[in-house]
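Novice: Got a structure for you, questions after.
The values are calculated or read from the model by the stated rules, or taken from the named source; none is laboratory data. Just so you know, these numbers come straight off a predicted model, no measurement behind them. Note that each Cβ is placed from the backbone with ideal geometry, even for glycine, and that neighbours are counted across all protein chains shown. Surface accessibility is based on the protein's heavy atoms, side chains included, excluding ligands, DNA and RNA. Shrake-Rupley method; radii C 1.70, N 1.55, O 1.52, S 1.80 Å.
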Amino acid sequence: MNELTPERLFDLELRKRPDYAAGLNAVKISVKHVEEYMHFGEGMRALLKLNQKDGFDCPGCAWPDPDGRRSPIAEYCENGAKAIAEEATNRRVTPEWFAQHSINEMGAMTDFELGKAGRITQPMYLAPGATHYTPVVWDEAFKTIAEELNALDSPDAATFYTSGRASNEAAFLYQLFVRQFGTNNLPDCSNMCHESTGTALSEAIGIGKGTTTLQDLHDADLIIVIGQNPGTNHPRQLNAFEKCKKNGGRIISINPLPETGLMKFIDPQNPMDILKRGTKLTDLFLQVRINEDMRLVRAICKILWAEEQKAPGTVFDQEFIKTHTAGYAAWTKLLDETDLDECIAGCGVAATQIHEAAGMIHGSEKIVLCYAMGLTQHENSVDVIKEMVNLLLLKGSIGKPGAGICPVRGHSNVQGDRTVGIWEKLKPELRAALRANFGFEPPVKDGYDVVNSIKAMHAGKVKAFFGLGGNFISATPDTVYTAEGLRQCNLTVQISTKPNRSHVVHGKKALILPCLGRTEKDVRATGEQFVSCENSMGVVQMSKGVLEPKSPHLRSEVAIICGVAAATLGEKSTVDWAAMANDYDAIRDAIASCVKGFENYNERVRKPGGFYLPNGPRHRNFGTKDGKAHFTVSPLSTHQLGEGEYLMMTVRSHDQYNTTIYGMHDRYRGIHNERRVVMMNEADMAKAGLQAGEKVDMTSEYDGEVRHARLFQVVPYPIPSGNIATYFPEANTLVPITRSARKSNTPISKSVRVKIRKR
Ligand SMILES: Nc1nc2c(c(=O)[nH]1)N[C@H]1C(S)=C(S)[C@@H](COP(=O)(O)OP(=O)(O)OC[C@H]3O[C@@H](n4cnc5c(=O)[nH]c(N)nc54)[C@H](O)[C@@H]3O)O[C@H]1N2
Ligand SMILES: Nc1nc2c(c(=O)[nH]1)N[C@H]1C(S)=C(S)[C@@H](COP(=O)(O)OP(=O)(O)OC[C@H]3O[C@@H](n4cnc5c(=O)[nH]c(N)nc54)[C@H](O)[C@@H]3O)O[C@H]1N2
Ligand code: SF4
Ligand SMILES: [Mo]
């Protein structure tokens with residue numbers, strides 16, 4: 001297991017947690033990363049174009065850029081700068097590097113060490129039984145892929161993963177290739193991320209996306225931030241919170257951890273803000289137990305319902321409810337039957353605070369609810385998100401300015417990839433459009449998502465794995481099981497920028513296809529190209545790199561996909577892949593013909609700032625069958641923890657981007673120089689006889705099967721009793737493949753039952 005997550009400790013140091021996020025320290029750290037890994041001039045050139053209307057989209061998160069004026073010097077955050085330094089590093093992973101590092105040696109490196117090795121410069125091939133990757137020319141790589149794919153018993157014996165950094169152009173071509181090849185096996189990182197959002201919101205409001213714009217956050221009376229750590233994962237969201245506060249709005253934060261970024265923010269680009277020591281963000285912090293948000297929100301709704309009954313029409317927006325919603329009677333009946341005391345006791349938040357929250361909601365007309373992985377990665381996530389919609393609906397807080405639901409997306413184009421067709425389910429409209437535009441019969445049967453792809457590999461039903469970006473082995477649950485599946489494949493292919501663990505855990509044959517990153521110029525036969533991305537709020541914008549490619553051998557993702565498709569489909573194909581690869585306008589024209597909302601794509605995407613995709617619920621046009629937004633009735637569930645069991649959430653540190661580890665510190669949590677840690681409540685530690693820094697092993701047991709995570713260190717932390725937190729991906733060995741969210745099939749990365757044992 002050591003090669004799946006090297007069991008090595010560094011030098012854990014615990015420091016005081018800072019009481020604010022950002023500030024000048026964030027600037028200092030951005031500069032340090034850029035200086036350490038990039039040529040200075042290149043670094044500055046890249047940063048000046050980061051998130052500018054004529055520049056490139058930040059490869060960090062999917063937080064939107066302002067529609068209007070953008071700061072000419074700095075429209076980014078510390079983590080955006082780190083993402084750039086990571087991608088545009090001046091270190092290189094050449095064929096000589098691979099000759100010096102066997103697969104076993106690569107496996108012994110931590111994720112931090114692997115990633116810091118640098119950018120891969122040439123396509124690399126691992127022959128059956130070989131110990132080292134060797135260089136291969138592009139055409140040879142494409143031929144190998146074509147031979148393996150065409151030798152499969154069925155197209156369904158291959159699975160094609162996408163990570164959400166891929167552009168709209170690359171993603172559209174990829175699904176076109178995969179569907180023409182004959183399968184809907186298109187798992188993506190979204191399956192592990194906001195899939196529960198897509199499922200819940202489609203059912204409740206008729207669109208699988210959020211309804212707010214950036215302006216809505218600025219104009220809200222109240223923002224509820226729940227299950228999200230924006231100070232680390234979406235830092236510029238703090239600017240939006242700050243604007244809301246300056247406009248008189250208030251903030252309630254709901255989280256098992258008192259995340260520093262939720263508490264206070266000092267805008268590093270605003271000297272006044274620095275002088276007056278920043279803005280207090282959270283007005284009310286509710287320290288909920290892991291996965292007890294539904295009990296908390298139900299308690300709040302019950303309190304509001306009691307007030308509403310006393311003076312009808314004074315709390316609920318009855319006009320909105322009557323005109324635009326369904327399911328109200330069943331929902332209020334549920335509230336009548338709800339035991340308030342049980343909800344309060346179960347969620348772990350004090351009754352006085354819950355009443356205070358209810359009071360703040362009562363007094364607010366325009367409410368925005370922001371959330372991320374803290375709500376989406378549990379067995380009942382779809383229900384939890386629908387419960388959040390209930391709360392907004394009772395106040396009429398969807399489809400009016402200053403209000404709405406704001407699922408904050410992760411990868412910078414994860415939302416766009418789904419919009420242009422990356423999904424294991426092929427919607428009838430897209431099937432018809434692909435048939436009409438490209439003259440072939442797309443497959444009908446649903447394909448495998450992430451969890452089902454892993455199970456199918458394990459069962460020997462899938463024999464070829466293809467990854468458009470990402471790091472499948474480290475991002476997925478149940479690392480040991482997933483590795484067994486990947487190793488049974490005849491071929492594993494990764495389109496990557498940097499070495500990662502998915503190059504170490506491979507099929508009989510393996511290929512690494514190195515691609516250009518967002519920061520780099522992409523020159524094709526018809527000249528310099530640009531791509532486009534959709535942010536969390538449905539704005540599609542162009543992105544054009546400014547730096548010289550890190551190696552002359554790199555190809556764009558679009559060119560690689562076209563190469564693979566042409567080699568694999570050959571004469572059979574009805575698509576002119578070469579034309580697409582040489583002129584991305586042709587791809588955008590195809591998208592415009594196939595996907596609603598992209599009319600005149602080429603023209604509109606060239607306008608500075610891009611364009612908004614249509615969003616019915618923003619205007620109270622709900623895309624459900626009856627045209628209404630739905631109140632829903634969901635059961636409350638309880639985690640049955642056995643003796644000595646804790647509920648574990650796996651979270652991100654401040655120094656990582658998913659499986660890419662920027663550094664070894666989690667500054668806002670005061671945890672330095674170590675990632676193999678378990679954050680624990682001090683009373684729980686005392687009860688279990690554990691000291692700070694003590695070395696422990698962990699196990700999770702489901703259906704009699706025991707999974708292991710070894711050599712972690714205990715960190716005392718203000719987390720509710722019975723709950724623990726570890727970092728993703730180190731603790732992924734404990735996440736069982738056999739449990740996932742109902743309906744969305746998302747792994748339960750935020751609620752795993754775990755036991756801890758002293759070593
Ligand atoms: N710098 C940086 N930026 C990123 C990423 C990154 O790794 N690094 N990843 C990107 C991606 S792909 C994504 S999806 C997003 C992720 O963004 P987040 O969802 O903010 O990321 P996580 O670290 O998973 O944090 C989850 C938060 O939810 C809380 N939480 C966990 N369980 C519960 C619960 O049951 N209830 C409540 N109320 N809270 C809970 C945790 O304490 C934590 O604060 O960030 C994106 N941006
Ligand atoms: N336990 C646990 N597991 C989780 C989560 C969790 O919270 N807890 N979160 C889940 C979530 S929300 C997500 S989104 C997934 C993330 O899963 P992935 O998207 O699969 O993982 P990343 O770490 O973002 O992928 C990093 C790799 O992408 C490659 N890369 C970087 N830039 C580019 C590029 O421009 N093009 C290409 N082709 N490749 C590039 C690099 O080689 C790098 O090693 O993980 C999920 N897994
Ligand atoms: S908030 Fe996200 S998109 Fe914006 S600069 Fe920071 S990492 Fe990049
Ligand atoms: Mo994500």
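Novice: Within the stretch 646-758, how many Lys pairs that are eight or more residues apart, or on different chains, come under 22 Å at the alpha-carbon?
Specialist: Details: Lys687/Lys695; Lys687/Lys755; Lys687/Lys758; Lys695/Lys755; Lys695/Lys758.
Close lysine pairs under the 22 Å cut-off: 5.
Novice: Additional query: Among DSSP bridges having both ends in the stretch 486-558, what percentage is antiparallel? Round to the nearest 5.
Specialist: Counting only bridges with both partners in the stretch 486-558, antiparallel ones make up about 45 percent.
Novice: Another question about this same structure. With a 10 Å radius around each residue's Cβ, average the other Cβ atoms per peptide and rank 474-486, 709-721, highest first.
Specialist: Working: 474-486: 23.5, 709-721: 20.3.
Taking the mean over residues of other Cβ atoms within 10 Å, the ranking is 474-486, 709-721.
Novice: Quick one: grab the alpha carbon gyration tensor of the chain, order the square roots of its eigenvalues as a ≥ b ≥ c, and give me rounded if a/c is under 1.5, else prolate or oblate depending on whether a/b is larger than b/c.
Specialist: Details: a/c = 1.44, a/b = 1.26, b/c = 1.14.
Taking the square roots of the gyration eigenvalues as a ≥ b ≥ c, the chain is rounded.
Novice: Expressed as a whole percentage, what fraction of the accessible surface of the stretch 630-759 belongs to carbon and sulfur atoms when a 1.4 Å probe is rolled over the protein heavy atoms?
Specialist: Numbers: 2150 of 4590 Å².
In the stretch 630-759, the share of accessible area belonging to carbon and sulfur is 47 percent.
Novice: Amide H neighbours of Thr632 under 5 Å, at least 5 residues apart or on other chains, H built in the peptide plane: list them.
Specialist: Amide H neighbours of Thr632, under 5 Å, 5+ apart: Asn390.
Novice: Same structure again: Send over a whole-number figure in Å² for the accessible area per residue of the stretch 646-758, probe 1.4 Å. Mind showing how you got there, number by number?
Specialist: On the way: 3440 Å² over 113 residues.
Accessible area per residue: 30 Å².
Novice: Under the definition of Cα pairs under 8 Å and six or more residues apart, what whole-number percent is the relative contact order of the chain?
Specialist: Details: 1723 pairs, mean separation 163.4, N = 759.
Reported as a whole number, the value is 22 percent.
Novice: Quick one: which residues, 5 or more positions from Asp522 or on another chain, have an amide H under 5 Å from its amide H? H modelled 1.01 Å from N in the peptide plane, none for Pro or chain starts.
Specialist: Gln529, Gly545
Novice: Enumerate the calculated ³J(HN,Hα) couplings along the stretch 313-318 in order (Karplus 6.51 cos²θ - 1.76 cosθ + 1.60, θ = phi - 60°), each rounded to whole Hz, writing x wherever the residue is Gly or Pro.
Specialist: x, 8, 10, 7, 8, 5
Novice: Using amide H atoms built 1.01 Å from N in the peptide plane, name the residues 5+ places from Thr162, or on other chains, whose amide H lies under 5 Å from its own.
Specialist: Excluding prolines and chain starts, which carry no amide H, the hits are Asp188, Cys189, Leu468.
Novice: Less than 22 Å apart at the alpha-carbon level, and either on another chain or at least 8 residues along: which lysines does that give for Lys246?
Specialist: Output for Lys246: Lys264, Lys276, Lys280, Lys366, Lys400.
Novice: What is the distance in Å between the Cα centres of the stretch 615-690 and the stretch 188-228?
Specialist: Between the Cα centres of the stretch 615-690 and the stretch 188-228 lies a distance of 16 Å.
Novice: Taking square-rooted eigenvalues a ≥ b ≥ c of the alpha carbon gyration tensor, is the stretch 375-482 rounded, prolate or oblate, where a/c under 1.5 means rounded and, failing that, a/b exceeding b/c means prolate? Please list the in-between numbers first.
Specialist: Values: a/c = 2.30, a/b = 1.35, b/c = 1.70.
Here the stretch 375-482 falls in the oblate category.
Novice: Here's a follow-up. If you count the DSSP beta bridges with both ends in the stretch 646-758, what percent of them are antiparallel, to the nearest 5? Write down the numbers at each step before the final one.
Specialist: On the way: 20 of 29 bridges.
Here the antiparallel bridges make up roughly 70 percent for the stretch 646-758.
Novice: Please enumerate, by chain and number, the lysines with C-alpha under 28 Å from the C-alpha of Lys550, excluding those fewer than 8 residues away in the same chain.
Specialist: Lys28, Lys32, Lys49, Lys53, Lys82, Lys116, Lys143, Lys498, Lys509, Lys521
Novice: I would also like to ask the following. Starting from the Cα of Lys302, draw a straight line to each of the lysines and keep only those under 18 Å, dropping any in the same chain fewer than 8 residues away.
Specialist: Straight-line reach from Lys302, under 18 Å: Lys310, Lys333, Lys386, Lys395.
Novice: Using a 10 Å cut-off on Cβ atoms, rank the peptides 687-698, 377-388, 584-595, 632-643 from the highest mean neighbour count down. Don't skip to the end; give the middle numbers.
Specialist: On the way: 687-698: 15.4, 377-388: 25.9, 584-595: 20.5, 632-643: 12.7.
Most protected by this proxy first, the peptides run 377-388, 584-595, 687-698, 632-643.
Novice: Applying the Karplus parametrisation 6.51 cos²θ - 1.76 cosθ + 1.60 with θ = phi - 60° to the phi angles of the stretch 618-630, what ³J(HN,Hα) value in whole Hz is obtained for each residue in order, glycine and proline being reported as x?
Specialist: My calculation for the stretch 618-630 gives 4, 10, 6, 9, 7, x, 6, 4, 8, x, 10, 7, 10 Hz in order.
Novice: OK, next. Nearest-5 percent of antiparallel DSSP beta bridges in the chain?
Specialist: Numbers: 40 of 92 bridges.
Within the chain, antiparallel bridges account for around 45 percent of the total.
Novice: Among 551-560, 252-261, how do they line up from the highest to the lowest mean number of other beta-carbon atoms within 10 Å? Walk me through the numbers on the way to the answer.
Specialist: Working: 551-560: 20.7, 252-261: 23.7.
Going by the mean number of other Cβ atoms within 10 Å, highest first, we get 252-261, 551-560.
Novice: Quick one: Karplus J couplings for the stretch 332-345, per residue in order, coefficients 6.51, -1.76, 1.60, θ = phi - 60°, nearest Hz, x for Gly and Pro?
Specialist: Going residue by residue, I get 5, 4, 4, 5, 4, 7, 6, 8, 4, 4, 5, 5, 5, 5 Hz, with x marking Gly and Pro.
Novice: Could you calculate the contour length gain from Asp153 to Glu548, that is, 0.36 nm times the residue separation minus the distance between their Cα atoms, to one decimal place in nm?
Specialist: Details: separation 395, 0.36 × 395 = 142.20 nm, distance 4.23 nm.
The Asp153-Glu548 span can extend by a further 138.0 nm.
Novice: Take the alpha-carbon centre of the stretch 58-134, take the same for the stretch 337-381, and report the distance between them in whole Å.
Specialist: What the calculation gives is 40 Å, centre to centre.
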